[in-house]
Amino acid sequence: LNAGVRVLDTADVYALGEDDLHYGERLVRHALNTWYGPKDEVRLLTKVGLARPKGRWMPNGRPEHLRKAVDGSLAALGVERLFLLQLHARDSRVPFEETLAALAELQREGKVEHLGLCNVSPDELRQATRHFHVAAVQNELSVLERKSAANGLLALTREQGIPFLAHRPLGGHAKVGRLAKNKVLAPLAERHQVTPHQIALAALA
């Protein structure tokens with residue numbers, strides 16, 4: 001926040017342990033409550049739609065789960081309405097129409113100002129736009145993972161004027177070390193007197 005960051009992206013499942021749901025949201029709330037900067041400039045983004053029934057995180061798009069998760073996020077963030085709520089992932093066990101309708105209902109009730117999607121395909125984005133205005137799409141995108149560009153999703157969001165939030169823009173923890181040795185990025189970085197990681201981020205602009 002002191003460096004100028006004004007968008008904080010979290011989720012109900014960002015936690016220290018299995019039974020510590022909403023930890024990330026509570027952490028964001030604490031950061032804002034103890035910061036003396038212009039709070040009205042900060043935008044909070046959160047996600048729902050995952051559950052851990054058998055020891056690993058899995059999509060859960062059931063309307064009752066989404067409603068419970070949103071109520072938990074509201075309490076954890078200490079707000080009356082979520083600025084941007086993103087569906088973390090589609091649940092293949094639940095008709096997507098039911099999940100989308102549940103999100104739209106939460107928005108109509110005033111619990112959510114804007115709705116977004118994560119980890120979606122172009123067809124899923126088109127399907128969602130029949131239920132609500134999609135305010136943002138967050139998918140993995142980097143020089144190491146370009147599926148969202150190759151399958152037309154990036155072009156579709158640009159065409160519809162939807163902000164695209166690049167998840168893992170440096171490849172994520174498992175791949176970030178490969179950037180420094182990349183045969184394309186390393187020479188470019190040397191030529192421009194920057195790091196390969198800066199080149200990788202600039203490629204997304």
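Residue by residue, here is whether (1) in contact with an Asp or Glu (Cβ under 9 Å, 6 or more places away or on another chain); (2) surrounded by fewer than 19 Cβ atoms within 10 Å (Cβ to Cβ) holds:
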site: VAL13; (1), (2): no, no
site: HIS30; (1), (2): no, yes
site: PRO38; (1), (2): no, yes
site: LEU50; (1), (2): yes, no
site: MET58; (1), (2): yes, yes
site: PRO63; (1), (2): yes, yes
site: ALA76; (1), (2): yes, no
site: PHE83; (1), (2): yes, yes
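Can you spot a residue in the range 104-117 that is among the polar types (S, T, N, Q) and either at pLDDT 95 or above or under 20 Å from the mean Cα position of the chain (by Cα) (or both)? Steps first, please.
Residues of the range 104-117 that are among the polar types (S, T, N, Q), as a first pass: 107.
Filter once more, so that each one left must be either at pLDDT 95 or above or under 20 Å from the mean Cα position of the chain (by Cα) (or both): 107.
Yes, the conditions are met somewhere in the range 104-117.
For LEU1, work out the one condition from (1) open to solvent by 30 Å² or more (accessible area, probe 1.4 Å); (2) under 28 Å from HIS133 (Cα atoms); (3) in contact (Cβ under 8 Å) with a residue 40 or more places away in the chain; (4) more than 16 Å from the chain's Cα centre (by Cα) it doesn't fulfil.
In the conditions (1) open to solvent by 30 Å² or more (accessible area, probe 1.4 Å); (2) under 28 Å from HIS133 (Cα atoms); (3) in contact (Cβ under 8 Å) with a residue 40 or more places away in the chain; (4) more than 16 Å from the chain's Cα centre (by Cα), LEU1 misses (2) alone.
Please work out which residue is surrounded by the fewest Cβ atoms within 10 Å (Cβ to Cβ), limiting yourself to the range 98-119 and to residues that are in a strand (DSSP E or B) and touching a residue at least 40 places away in the same chain (Cβ under 8 Å).
Filtering the range 98-119 for residues in a strand (DSSP E or B) gives 112-118.
With the extra rule that they be touching a residue at least 40 places away in the same chain (Cβ under 8 Å), the set shrinks to 112, 116, 118.
On the way: VAL112: 25, GLY116: 24, CYS118: 20.
Step by step, filter the range 98-119, then rank; the result is CYS118.
Would you please name the residue that is nearest to GLU124 (Cα to Cα), looking only at residues in the range 192-205 that are open to solvent by 40 Å² or more (accessible area, probe 1.4 Å) and small (Gly, Ala, Ser)?
Filtering the range 192-205 down to residues open to solvent by 40 Å² or more (accessible area, probe 1.4 Å) leaves 192-195, 197-198, 201-205.
Still in the running and small (Gly, Ala, Ser): 202-203, 205.
Values: ALA202: 28, ALA203: 26, ALA205: 24 Å.
So the residue we want is ALA205.
Quick check: is even one residue across the range 5-20 outside any loop (DSSP other than H, G, I, E, B) and more than 19 Å from ARG168 (Cα to Cα)? Show your work before the answer.
Step one: of the range 5-20, the residues outside any loop (DSSP other than H, G, I, E, B) are 7-9.
The next check asks that each one be more than 19 Å from ARG168 (Cα to Cα); those that pass are none.
No, the conditions are met nowhere in the range 5-20.
I need the full set of residues from the range 143-191 which are within 23 Å of GLN86 (Cβ to Cβ), open to solvent by 90 Å² or more (accessible area, probe 1.4 Å), not aliphatic (A, V, I, L, M) and not in a helix (DSSP H, G or I), in order please.
Across the range 143-191, the qualifying residues are ARG146, ARG168, HIS173.
Under 23 Å from PRO163 (Cβ atoms) and either of a type in the set (S, T, N, Q) or not in a loop (DSSP other than H, G, I, E, B) (or both): which single residue out of VAL70, VAL79 fits that description? So that I can check it myself, show each step before the final result.
Working: VAL79 fails: either of a type in the set (S, T, N, Q) or not in a loop (DSSP other than H, G, I, E, B) (or both).
From the options VAL70, VAL79, the qualifying one is VAL70.
The values are calculated or read from the model by the stated rules, or taken from the named source; none is laboratory data. Note that this is a predicted model, so its numbers are computed, not measured. Glycine gets a Cβ as well: all are built from the backbone with ideal geometry, and neighbour counts include every protein chain shown. When the accessible area is computed, the model is the full protein with side chains, heavy atoms only, and any ligands, DNA or RNA have been set aside. Shrake-Rupley method; radii C 1.70, N 1.55, O 1.52, S 1.80 Å.
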